[in-house]
Amino acid sequence: MLTVITETALQEGRESDWDEAYRERAADARKQEGWVDLHLLVPVDDRSRRVVVGTWRDREAWERWHATETFRRTRARLDAATAEHGEDRWFEVIEEKTSA
């Protein structure tokens, strides 16, 4: 299992546009084979940034999601509200605990 973390800086005043487009994308991720978990985080000290933490069974599942129609369709909306794209950072999940 792998987790990918990406931090993005948003254009001032476009936060709600970006969040709406990402919610659509996240809803699609939940339907994908290989999807495990997804968190969209807003740093408490910088409301103009977003941190996406996604966990997938393998990188191939994540790449298949990137090829979906919903992912491609939301790309233009997200890009229009983005000031700076962050790099994807990959982590191997060695332990997973949940409260459930």
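The values are calculated or read from the model by the stated rules, or taken from the named source; none is laboratory data. This structure is a prediction, so every number in the text was calculated from the model and none was measured. Note that we place each Cβ from the backbone using ideal geometry, even for glycine, and neighbour counts take in every protein chain shown.
Every residue, every condition in (1) out of contact with any helix residue (DSSP H, G or I) (no Cβ under 9 Å at 6 or more places or on another chain); (2) within 24 Å of Thr68 (Cα to Cα); (3) surrounded by fewer than 16 Cβ atoms within 10 Å (Cβ to Cβ), yes or no:
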{"site": "Leu2", "(1), (2), (3)": "no, yes, no"}
{"site": "Ile5", "(1), (2), (3)": "yes, yes, no"}
{"site": "Gln11", "(1), (2), (3)": "no, no, yes"}
{"site": "Glu20", "(1), (2), (3)": "no, yes, yes"}
{"site": "Asp28", "(1), (2), (3)": "no, yes, no"}
{"site": "Trp35", "(1), (2), (3)": "no, yes, no"}
{"site": "Leu38", "(1), (2), (3)": "no, yes, no"}
{"site": "Val42", "(1), (2), (3)": "no, no, yes"}
{"site": "Asp45", "(1), (2), (3)": "yes, no, yes"}
Candidate set: region 47-61, residues that are surrounded by 12 or more Cβ atoms within 10 Å (Cβ to Cβ) and touching a helix residue (DSSP H, G or I) at 6+ places or on another chain (Cβ under 9 Å); chosen: the one nearest to Glu12 (Cα to Cα): Ser48
Condition check for Asp79: within 22 Å of Asp19 (Cα to Cα), acidic (Asp, Glu) and at pLDDT 95 or above: yes
Candidate set from region 74-100 (those that are closer than 20 Å to Ala27 by Cα and without any contact (Cβ under 8 Å) to a residue 12 or more places away in the chain); member that is surrounded by the most Cβ atoms within 10 Å (Cβ to Cβ): Arg75
